[in-house]
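> Please see the structure below; I have some questions.
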């Protein structure tokens, strides 16, 4: 059975090293540690309170998601940027340096494709660097300098939730961007194949987490 009552919830942690303060909720389920970060103390405290209430009520926790078994995350409540970061961290210990680099590049391209507009006054090159070198690097993210953290905060606010992937037109647009170089030329077939492989892995991870019902990206 994929549920347990072995749950421990810690106090809220205040983050440092970024322009804007963040607040982390840490808890463990059957010995496996989980962490979720929020931009305000109130949001973190509310989420922590849900976890504590569930433990006091004797509710089982799902060992795969780390959440109360009744608490199924929906695509509309999970931001793309946050989920992409979570996916990066989940893969990080298990993959090679080259795989990490490929993943970061794919997620950078997808994220810029999903942004509703470019950040004002920030060159596109800086946005791409902030994403590939900091946001999607588990070891460096928390040490991002203030200017990079500001860019990432803007990106987080201006990318959609995961339910964007239920729109076939958005999926089509993202795949088009993945297949095109910055100068407008067609990307090499091998590069496109790597990008799609990463995207399929991310979608499978979303399915396992109960965020998406199926993989919206068609097989090549």
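The values are calculated or read from the model by the stated rules, or taken from the named source; none is laboratory data. Here the structure is a predicted model, which means the values were calculated and not measured. Note that we place each Cβ from the backbone using ideal geometry, even for glycine, and neighbour counts take in every protein chain shown.
> Out of all the residues in the range 138-172, which are part of a loop (DSSP other than H, G, I, E, B) and crowded, with 18+ Cβ neighbours inside 10 Å? Explain how you work it out, then say what you get.
The initial filter retains those residues of the range 138-172 that are part of a loop (DSSP other than H, G, I, E, B), namely 138-140, 144-145, 158-160, 167.
Within the range 138-172, 144, 159 meet the criteria.
This table checks each residue for (1) at pLDDT 95 or above; (2) closer than 20 Å to residue 211 by Cα.
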site	(1), (2)
166	no, yes
170	no, yes
174	yes, yes
183	no, no
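> Same structure again: Tell me which residues, restricted to the range 92-113, are farther than 26 Å from residue 172 by Cβ and assigned to a helix (DSSP H, G or I).
Initially, the range 92-113 is screened for residues farther than 26 Å from residue 172 by Cβ, giving 92-101.
Correct list: 92, 93, 94, 97, 98, 99, 100, 101.
> Do we have residue 204 as buried (at least 18 other Cβ atoms within 10 Å of the Cβ) and either under 30 Å from residue 63 (Cβ atoms) or in contact with a strand residue (DSSP E or B) (Cβ under 8 Å, 6 or more places away or on another chain) (or both) here?
Here the answer is no, as residue 204 does not meet what is asked.
> Moving on to the next point. Check residue 55 against each of (1) at pLDDT below 85; (2) surrounded by 15 or more Cβ atoms within 10 Å (Cβ to Cβ); (3) assigned to a helix (DSSP H, G or I) and name the one condition it does not meet.
(1)
> Would you mind stating whether residue 198 is at pLDDT 95 or above and under 16 Å from residue 79 (Cα atoms)?
Taking the combined requirement at face value, the residue does not satisfy it.
> Let me ask something else about it. Counting just the residues of the range 26-35 that are at pLDDT 90 or above and within 22 Å of the chain's Cα centre (by Cα), which one comes out surrounded by the most Cβ atoms within 10 Å (Cβ to Cβ)? Give the steps one after another, and end with the answer.
Taking the range 26-35 and keeping what is at pLDDT 90 or above, we get 26-34.
From what's left, within 22 Å of the chain's Cα centre (by Cα): 26-29, 32-34.
Values: 26: 16, 27: 21, 28: 16, 29: 24, 32: 12, 33: 11, 34: 16.
Ranking the qualifying residues of the range 26-35, first place goes to 29.
> Also, I was wondering about something else. Inside the range 114-131, can you point out the residues that are surrounded by fewer than 20 Cβ atoms within 10 Å (Cβ to Cβ) and part of a helix (DSSP H, G or I)?
Answer for the range 114-131, where residues must be surrounded by fewer than 20 Cβ atoms within 10 Å (Cβ to Cβ) and part of a helix (DSSP H, G or I): 124, 125, 126, 128, 129.
> If you don't mind, there's one more thing I want to ask. How about the range 8-25: which of its residues are within 23 Å of residue 157 (Cα to Cα) and at pLDDT 85 or above?
The answer is 12, 13, 24, 25.
> In addition: State whether one or more residues within the range 64-83 are assigned to a strand (DSSP E or B), surrounded by fewer than 19 Cβ atoms within 10 Å (Cβ to Cβ) and in contact (Cβ under 8 Å) with a residue 24 or more places away in the chain.
yes
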